[in-house]
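Have a look at the structure below, then the notes.
The values are calculated or read from the model by the stated rules, or taken from the named source; none is laboratory data. Note that the structure is predicted; figures quoted are calculated from it, not measured. Here the Cβ positions follow ideal geometry from the backbone for every residue, glycine too, while neighbour counts run over all protein chains shown.
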Amino acid sequence: MQCPKCGKNSRVLDTRTAEKGNAIRRRRICTACGQRFTTFEKIEDMPLVVVKKSGRKELFDRSKVMKGLVKACEKRPISLDRLEALSLEIEKDLKNEGREVDSAQIGQAIMNRLIELDQVAYVRFASVYKDFNDVETFIREIENLPNRHA
């Protein structure tokens, strides 16, 4: 790292974590002029963009995922902490897919996690996500549950 005063090289005196572990704070000294300064290293978190069915793009909002999970798991024996962890896992998985994801990928990721967590919650979410129009669709989805879970 170059000194901001004279442009010569510097060395690290002290390194500490900052911002709750999301950054590294380094105390430095210039080897030429003795100027002391602090630098911060931080991972650049690129935002996740959602491509809607209409083609419109918007920033990913994990609270929307959380809202869908809470609604699907209403009156089920699943803690909010577990749902929060699940929404974080889904966001992480989606970010690994790339900077842009289709809204369909988000719905599928939620269903994949819910089927492992709670089949009732899965059917609730699927009924809205897949837009079930009749009882037969519910029955077909429920009949397919054991096949998917295996």
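What to note about this one:
- Test: residue in the stretch 58-72 that is free of Cβ contacts under 8 Å to residues at least 60 places away in the same chain, of a type in the set (Phe, Trp, Tyr) and assigned by the TED database to the domain that holds residue 130: yes
- Residue in the stretch 59-75 that is in a strand (DSSP E or B), exposed (fewer than 14 other Cβ atoms within 10 Å of the Cβ), among the aliphatic types (A, V, I, L, M) and under 15 Å from the mean Cα position of the chain (by Cα) present: yes
- Pairs with Cβ under 9 Å, 6+ apart, first in the stretch 90-106 and under 11 Å from residue 48 (Cα atoms), second β-branched (Val, Ile, Thr) and exposed (fewer than 15 other Cβ atoms within 10 Å of the Cβ): 99/49; 100/49; 101/49
- Residues of the stretch 20-30 include at least one that is farther than 26 Å from residue 142 by Cβ, at pLDDT 95 or above and among the β-branched types (Val, Ile, Thr).
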